[in-house]
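J.: Provided herewith is a single structure, encoded as structure tokens, for subsequent inquiry.
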Amino acid sequence: MKKEIFIDGETGTTGLQVHEKLSKHPNVNILSVNQSKRKDISYKKEMLAKSDVTFLCLPDEISVETVQIADELGHESPIIIDASTAHRTNPNWSYGLPELGENYRKNIEKSKRIASPGCYSTGANVILKPLISHGILSQDLPIIINAVSGYSGGGKSMINYFRETDHEPFFNYGLKLNHKHLPEIIYHNKLRKIPIFSPSVGDFIQGMVVSIPLHFSWFTEKVNTETIQCLMEEFYSGSNFIKVLKKNEGISDKGYFRPDNLVGTNFLDISIFGNDDNNQLIISSRLDNLGKGASGAAIQSMNIALGFDETLGL
């Protein structure tokens, strides 16, 4: 029997992607939403009760309100997968990035409350987690994170902005150094210093690269580029969606590393760019900000929570 799915916020950027992917999923049926009644609390409660899984593609405050409505249903409450930032550091919620460790995957398997990660934080966490869990990188380190994303990450308003004839071709933002994805990066790596995070947006719709530069002297033991390459490969060796690329893999003939190679997929590539003479390296992750960074990750979590093959529909 197919599982019933309610997408609350299906007309937004992430909601549309979730709907498109689930429409091809063999084991689910998407409930039709009466858009004229979608803000009515009694109607929302009815839809929540009908569903086996509800995806929340909503602003934070509305997600919180919706979860409160779902909680009132008790044991009839569906599995909630929240794409907002509202619950990503809540210890009572599972974090929808199973590749971070077996405990993350097991929590998703048994959970009815799953917080889907942010796109930038997905890119940063998959770099930091292997290094910190291995003990090779200190949680006291002043991490610096640089990132560039396609403009779809800013939702409809930014998509419309880039359709204007006089839009900027590229810009940095988050210049108050308080981007909304920082808390989950800190929380899930138990960092004791707030990273400096510098996000930016380029004139392309989808795709992103997140990069963390590191000096060899910052590690707790002697390393070189190959050491880090092997560590990362071992950590993600069993992953269906995360691949650690070999040297020069995924780079153009001109030596360029572009952000949009994985658009339309739930895959994420990790690349280690090192210079052993300079004792430096940069670790970069590349993903689709609307795929593994949003809708794909949410559906992957749904598959795990329902006991399906995690790759189904992806």
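J.: Just the number, please: percent antiparallel of the DSSP beta bridges in the chain, rounded to the nearest 5.
T.: Details: 24 of 49 bridges.
Of those bridges, close to 50 percent are antiparallel.
J.: Ok, one more. Most mobile of SER116, SER77, SER239 per a Gaussian network model of the chain (Cα springs, under 10 Å)?
T.: Largest GNM mean-square fluctuation: SER239.
J.: While we're on this one: When Lys and Arg each count +1 and Asp and Glu each count -1, what net charge do the other residues less than 15 Å away from LEU314, Cβ to Cβ, add up to?
T.: Summing Lys and Arg as +1 and Asp and Glu as -1 gives -1.
J.: Still on this structure, I have one more. Have a look at LEU16, LEU268, LEU58 and tell me which one the Gaussian network model of the chain (Cα, springs below 10 Å) gives the largest fluctuation.
T.: LEU16
J.: Have a look at ASN275, ALA147, HIS181 and report the one farthest towards the positive end of the charge dipole of segment 119-289, computed about the Cα centre with Cβ charges (Lys/Arg +1, Asp/Glu -1).
T.: Farthest along the dipole direction, towards plus: HIS181.
J.: Subtract the Cα-Cα distance of GLU76 and LYS112 from 0.36 nm times their separation in residues, and report this length gain in nm to one decimal.
T.: Working: separation 36, 0.36 × 36 = 12.96 nm, distance 1.09 nm.
11.9 nm is the gain from fully extending GLU76 to LYS112.
J.: Determine the calculated [θ] at 222 nm for the chain from helices alone, applying -39500 (n - 2.57) to every DSSP H run no shorter than 4 residues and normalising by the residue count; nearest 500 deg cm²/dmol.
T.: Helices in the chain give a 222 nm mean residue ellipticity of -8500 deg cm²/dmol.
J.: Would you be so kind as to identify which of ALA49, SER198, HIS87 lies farthest towards the positive end of the dipole of the chain, taking Lys and Arg as +1 and Asp and Glu as -1 on Cβ and the Cα centre as origin?
T.: ALA49
J.: Another question, if that's okay. What is the sum of charges, Lys and Arg at +1 and Asp and Glu at -1, for the other residues whose Cβ falls under 12 Å from the Cβ of SER111?
T.: Local charge sum for SER111: +3.
J.: Right, next: Students often get this wrong, so check it: of LYS176/LYS247; LYS21/LYS129; LYS21/LYS112; LYS106/LYS176, which have C-alpha atoms separated by over 32 Å? Don't skip to the answer; put the middle values down first.
T.: Values: LYS176/LYS247 35 Å; LYS21/LYS129 28 Å; LYS21/LYS112 21 Å; LYS106/LYS176 36 Å.
Exceeds cut-off: LYS176/LYS247; LYS106/LYS176.
J.: Also: For ASN34 and ASP166, compute 0.36 nm times the residue count separating them, minus their Cα-Cα distance, and round to one decimal in nm.
T.: Details: separation 132, 0.36 × 132 = 47.52 nm, distance 3.73 nm.
Result: 43.8 nm gained on full extension.
J.: A further question on this structure: Loop-only check: which GluC sites (Glu not before Pro) in segment 169-228 are DSSP coil with at most 10 other Cβ within 10 angstrom?
T.: GLU221
J.: Another question about this same structure. So how strong a dipole does the chain carry about its Cα centre when Lys and Arg Cβ are +1 and Asp and Glu Cβ are -1, to the nearest 20 debye?
T.: 320
J.: Now for a different question. From the Cα gyration tensor of segment 5-117, with a ≥ b ≥ c the square roots of its eigenvalues, which class applies: rounded if a/c is under 1.5, or else prolate if a/b is larger than b/c, or else oblate?
T.: prolate
J.: GNM, the chain, Cα, under 10 Å: largest mean-square fluctuation among HIS134, HIS19, HIS87?
T.: Highest fluctuation among the options: HIS134.
J.: On full extension of the chain, what length is gained from ASP277 through GLU20, given 0.36 nm per residue of separation minus the C-alpha to C-alpha distance?
T.: Taking 0.36 nm per residue and subtracting the Cα distance, the gain is 87.7 nm.
J.: While we're on this one: Answer with one residue from SER36, ILE127, SER157: the one whose Cα lies farthest towards the positive end of the charge dipole of the chain, charges on Cβ with Lys, Arg +1 and Asp, Glu -1.
T.: The residue sitting most towards the positive pole is SER36.
J.: Right, something else. Using only the C-alpha atoms of segment 119-289, find the volume of their convex hull and express it per residue in Å³.
T.: 128
J.: Please report the net charge: other residues with Cβ closer than 12 Å to the Cβ of SER301, K and R +1, D and E -1.
T.: Counting the neighbours of SER301, the net charge comes to 0.
Every number here is computed from the coordinates shown, using simple stated rules; none is lab data. Predicted model only: the values in this text are computed from it and were never measured. Glycine gets a Cβ as well: all are built from the backbone with ideal geometry, and neighbour counts include every protein chain shown.
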